[in-house]
Amino acid sequence: MIEKSKSEPALEIHQLSKLNEFGDAVRLQREIWGFKDVDLLPLRLFVVASKIGGQALGAFHDGRMVAFCLCIPGLKPGGKYYLHSHMLGVMPAYRNSGVGRKLKLKQREYALASGIDLIEWTFDPLEIKNAFFNIERLGAIVRRYVHNQYGTTTSRLHGGLPTDRLIAEWWIRTGRVEAICDGRAFHGPVAQAAISVPVGIGAMREQDPQRARELQAALGEDFDRQFRAGLAVIGFEKSAEAGTYRLGTWESK
């Protein structure tokens, strides 16, 4: 279940606190996603988040920021506090090196020290690598699908499609997450259903966006149906043909 990184450069990871560091995080958004200014998280949001219980982390290689992660505090109905991990970005040259996981584990340490047991974030269900990372490398589960969460963005990575998103729930004190974060095998409940995404979806977004949109809409209907039935995403498998979400009954232990 634990996927080895191709290489692991010597990185320094620390909490961001200086204006120039926040500015570097804004710059990385342009370089990673290709966002225009209207879609950028501004410098002042990083400043505010770091002062109200959120956290901005940066990963540095030879003094240069190559990745960042931002979370902000949230409050559920009923008064439950949690962290919303709004953005994690890694420069292309440092992907598959383990830096994203290191940032998330630092974020988990911060949440545990703050008395928080839940971190949430959104991710694109069509992105197979991200799904594997969130579910198999971190231990997140999923019980919600949101249609067109952010509207259509200027990012080339989104391909002009609606920004449909799955909500990752990272219950950081559970045995599931503790085992996975420690690199140990976790044997959870048996999956009862499956939803697959073809590996060619990235090329389809560029070459046949209408077909990609049809596939996205069908996946959304599948997820909605399974979640209404009380199932959760509890596993993810990759093959040469597809990435497959495994759904079953989840228990918070």
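The value of relative contact order for the chain, using C-alpha pairs under 8 Å at least six residues apart, is 16 percent. A simple charge model with +1 on the Cβ of Lys and Arg, -1 on the Cβ of Asp and Glu and nothing else charged puts the dipole of the chain at about 400 debye relative to its Cα centre. By DSSP, the beta bridges lying fully in segment 52-133 are antiparallel in about 90 percent of cases.
The string of couplings for segment 116-132 from the Karplus curve (6.51, -1.76, 1.60, θ = phi - 60°) is 9, 10, 9, 10, 10, 7, 9, 8, 6, x, 7, 8, 5, 5, 5, 4, 4 Hz, one whole number per residue in order, with x for Gly and Pro. Taking only the C-alpha atoms of segment 98-151, Rg followed by Dmax gives 12.5, 35 Å.
Rg(Cα) of segment 186-253 divided by 2.2 N^0.38 Å?
Computed over Cα atoms of segment 186-253, the ratio equals 1.25.
Once backbone amide H atoms are built at 1.01 Å from N, ALA59 has VAL66, ALA67, PHE68 as its partners under 5 Å, excluding neighbours fewer than 5 places away on the same chain.
Per the helix-only calculation at 222 nm, which mean residue ellipticity applies to the chain, given -39500 (n - 2.57) for every DSSP H run of n ≥ 4 and division by its residues, nearest 500 deg cm²/dmol? Rounded to the nearest 500, it is -9500 deg cm²/dmol. Relative to the Cα centre, the charge distribution of segment 117-253, modelled as +1 at Lys and Arg Cβ and -1 at Asp and Glu Cβ, gives a dipole magnitude of about 120 debye.
If one puts a single equal scatterer on every Cα of segment 81-211 and applies the Debye formula without solvent, what log₁₀ I(q)/I(0) results at q = 0.19 Å⁻¹? The calculated log intensity ratios at q = 0.19 Å⁻¹ are -1.25. The residue among PHE46, LEU118, GLY79 whose Cα reaches farthest toward the positive pole of the charge dipole of segment 12-189, with charges on the beta-carbon of Lys, Arg, Asp and Glu, is GLY79.
Taking the square roots of five times each eigenvalue of the Cα gyration tensor of the chain, the equivalent ellipsoid has semi-axes of 27, 23, 18 Å, listed largest first.
Here segment 46-112 is treated as an ellipsoid with the same Cα gyration tensor; its semi-axes, largest first and in whole Å, are 25, 12, 9.
Bridges between two residues of segment 12-189, per DSSP, are antiparallel at a rate of about 95%. Put simply, when 122-130, 43-51 are sorted by average Cβ atoms within 10 angstrom per residue, most first, you get 122-130, 43-51.
All of the numbers you see were taken from the coordinates with simple rules; none came from a lab. Every value quoted in this text rests on a predicted model; they were computed, and no experiment measured them. Using ideal geometry, Cβ is built from the backbone for each residue, glycine included, and neighbour counts are taken over all protein chains shown.
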